[in-house]
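Let me begin by presenting the structure, written as structure tokens, before commenting on it.
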Amino acid sequence: MKPKTSIDYERVLARFYDFGDGVIRGILLQYEEGGTRKVEIQVATRDSETTENEGWVIVQIAIRDVSEFAVREGPRTPIQVLSQGIHFLCLNNQVGVEFGGATDCPGSIESLRLSDGYVVGREVEFHVVPWV
């Protein structure tokens, strides 16, 4: 899945219950040819389109052409459990992905930067793989 509009992202969020109470299994930063970066976030979450494994799947969220990102964790404030889910902010030809615990979707790049976990890139792609 490659969402392009805010409505497309809303559909993704609806399918995966906003990723609420999902669990981050991994975050991978890759430096690609041409000096671009890619961040992949693997999330264990529920999928409303399947009943196998009680609906649990792994969603790989690949953010390409990353312009900025941050992951901050304190010793007592891990961001692994997505209690508040994931938020998507469509910006000028970019998408902000917030996974650092913000209660509401950030309304601007400045508020996105306050999150303990976020990525800004040009393209987001979702791959669903079976629960392992």
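Which value results for Rg/Rh of the range 3-46 when Rg is the Cα radius of gyration and Rh the Kirkwood radius based on the inverse mean 1/r?
Using only Cα positions, Rg/Rh for the range 3-46 is 1.09.
Just to check, using Stokes-Einstein with a Kirkwood Rh over alpha carbon pairs, what's the diffusion coefficient of the chain at 10 °C and 1.306 mPa s in µm²/s?
Estimated diffusion coefficient is 107 µm²/s.
Taking 30 Å as R0, compute the FRET efficiency from the Cβ-Cβ separation of GLN30 and ILE109 and round it to 0.05.
That gives a FRET efficiency of 0.85.
First select every other residue whose beta carbon is under 13 angstrom from the beta carbon of ASN53; then total the charges, Lys and Arg +1, Asp and Glu -1.
In short, -3.
Suppose R0 equals 22 Å; then what is the FRET efficiency for VAL129 and TYR17 from their Cβ-Cβ distance, rounded to the nearest 0.05?
That pair, VAL129 with TYR17, gives E of 0.80.
Can you give me the Kirkwood hydrodynamic radius for the range 63-126, using every pair of distinct Cα atoms, in Å to one decimal?
11.8 Å is the Kirkwood radius here.
Every number here is computed from the coordinates shown, using simple stated rules; none is lab data. These numbers come from a predicted model, not from an experiment. Here Cβ is always computed from backbone atoms with ideal geometry, including for glycine, and neighbour counts include all displayed protein chains.
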